[in-house]
Amino acid sequence: GLLIAGQLFGFAGDTMLLGKGFAFFAGGIGLFLIGHIFYISLFGGISWKGLKPVQWIIAVVCMLAATAGLILCIGVSGTMLAPMGVYGCTLMVLIFSGFAGVIRSKSVSVGKPATWWIILCGAVLFAFSDSLIAVRNFGTLSPFMSGFGVMFTYLVAQTLLAIGGTRLI
């Protein structure tokens with residue numbers, strides 16, 4: 001259920017981003033955000049069990065730093081700073097879910113390491129794809145390159161998340 005919901009919201013978000021203008025951009029990112037929450041519920045629900053407080057603190061600091069760096073590099077400002085910050089943090093939590101699975105799969109029974117590497121790669125590619133969308137909207141990336149790059153990395157990311165998710169459930 002969570003995996004399929006993540007896939008469906010990702011597809012809906014991608015469809016929404018085909019439109020032009022702020023409403024389509026905001027709607028697409030909002031739908032992606034919901035899809036990521038479903039993925040995080042599935043992957044994080046498995047990979048986070050038993051993490052120690054110090055591991056959580058390190059993870060939160062790293063996720064906030066990565067989000068801030070991403071936002072600064074892309075050049076987001078003004079009214080979009082807070083929503084993009086929330087979205088960026090969500091992407092970092094998704095990446096952390098995969099990373100925690102990779103680390104923990106070697107010592108506890110949370111799935112095979114290869115499965116978590118697939119999930120981690122999918123999460124990183126999703127963040128890269130979304131970064132291309134942000135750069136296209138806030139930066140100077142060519143629409144052609146960002147369009148191709150976004151779709152290619154998005155499709156590979158969704159495929160990897162689907163493969164990893166089906167191997168876990």
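The values are calculated or read from the model by the stated rules, or taken from the named source; none is laboratory data. These numbers come from a predicted model, not from an experiment. Here the Cβ is made from the backbone with ideal geometry for all residues, glycine too, and neighbour counts use every protein chain on show. Remember, those area values only see protein heavy atoms, side chains included, never the ligands or the DNA or RNA. Shrake-Rupley method; radii C 1.70, N 1.55, O 1.52, S 1.80 Å.
Quick look at the values:
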read-out: Carbon and sulfur %, accessible surface of the chain computed with the full protein complex present, 1.4 Å; value: 78 percent
read-out: Calculated FRET value between F128 and K49, using beta carbons and R₀ = 25 Å, to 0.05; value: 0.35
read-out: Options [x] 46, 30, 23; [y] 65, 46, 36; [z] 52, 32, 27 - which one matches Cα extents along the principal axes in Å as calculated here; value: [x]
read-out: Cut-off of 10 Å, at most 13 other beta carbons, DSSP loop: longest stretch of the chain lacking such trypsin sites (Lys or Arg not before Pro); value: 107-169
